[in-house]
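Here's the structure, in structure tokens; my notes come after.
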Amino acid sequence: MLTIAEVGAPDIGTFRWGGFEVTTDVELRTHLGVLAPRIPGPWTLQLTAPQATAVRVRVAVAEGGSATLTAYGTDATTGPTSGTLLEVVGDALTGVQLTGIGVSLLAAEVEQLFIPPPATGRLRLSRAVLPPLTHAVDVAAYADVALAGYRITWTDAYSPAVGGDYHVFAPDAAIRDGRTARVYGGVATTPPDGGVDLYAGGTTGVLPPTGVVLRLIAPDGSVAHALVALPETAFTATAPPRIWANGDQTRAFLLTGTALPSGFGRLRLQWLRDADPDLPRLSVGGDTTAESAAVWFTS
């Protein structure tokens, strides 16, 4: 949700609002959380929102005034485009235009496709378990890190306005390089679990089983990493792809034969330790069964 307090005192032209680019054709003013023309009259405001799936705008309309919201992008369809709560949706919106007279802007909400930040930091969210099982979140460490000031937040994957803190690490919390911190939310005592650092508590109640977006927030307020957790029912199986590794096997090419739909995908892989009599027979502690892995991606 973008609030008017984030706007500052915009003038005619283009300015930034909550990370989005906004263009207006009149001089604006802000007062008590309301954005409106400095001189009453008709005005137009354009909000650039790449890869958005929905934009909602809340406005106040004076007697005799009007407000209309128009969407730009792919497969844009409209909800209510006039009134006090305006909404447009689409597969891949690029922006919206608000036009009207006697209208004041109270807030705007932009939903965008989930695109996680690159996994390059010292701490990363590596796994999440949704209800009906006891929900939990794993944080993997790639260096010795003091966890003071770090917190995990959650957002409903289908209702971005719903969410809150999942866990706030205590001032004395720390993790060693190569270890995993497993946070069990909503419980006072963790279940028995070996090989990980256990943390209890966190969000009260139950996470939505339909899916959540989890974010690891650094002490400075930046997003250190993000992860989406979805149930099996959220995925639709596609035709098995073909995977070709490059010469040194450091990367691979995924050949699907058709364009992938926009969204969040998962590729399941199996590493056959004992694949063929003519190939080396691999094992871990004498175990030669296939090793499973999952790769998450956005398209």
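The values are calculated or read from the model by the stated rules, or taken from the named source; none is laboratory data. Note that this is a predicted model, so its numbers are computed, not measured. Glycine gets a Cβ as well: all are built from the backbone with ideal geometry, and neighbour counts include every protein chain shown. Accessible surface is based on the protein model in full, side chains and every heavy atom, while ligands, DNA and RNA are left aside. Shrake-Rupley method; radii C 1.70, N 1.55, O 1.52, S 1.80 Å.
Below is a table of values for the structure above.
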| read-out | value |
| --- | --- |
| Shape call, region 171-220: gyration tensor on alpha carbons, a/c limit 1.5 | oblate |
| Taking the convex hull of Cα positions in the chain, its mean projected area over all directions (nm²) | 20.9 |
| Heavy-atom accessible surface of region 164-299: percent carbon and sulfur, 1.4 Å | 55 |
| Rounded Å value of the spacing that divides the Cα centres of region 183-212 and region 84-132 | 27 |
| Accessible-area order (highest first, 1.4 angstrom probe) of the listed residues Glu21, Glu87, Glu63 | Glu63, Glu21, Glu87 |
| Two-site FRET efficiency, Leu32 against Ala218, from Cβ-Cβ distance with R₀ of 25 Å, rounded to 0.05 | 0.15 |
| Where region 138-190 is the region considered: accessible area per residue in Å², 1.4 Å probe | 48 |
| Ranking by accessible area, most exposed first, for Leu32, Leu272, Leu147 with a 1.4 Å probe | Leu32, Leu272, Leu147 |
| Rough spin-label spacing in nm, given labels placed 7 Å along Cα→Cβ, for Ala259 and Ile39 | 4.7 |
| Residue order for Ile175, Ile243 - accessible surface, 1.4 angstrom probe, largest first | Ile243, Ile175 |
| Sites Thr134 and Val284 - FRET efficiency at Förster radius 25 Å, r taken between beta-carbons, to 0.05 | 0.35 |
| 1.4 Å probe accessible area per residue over region 226-299, in Å² | 78 |
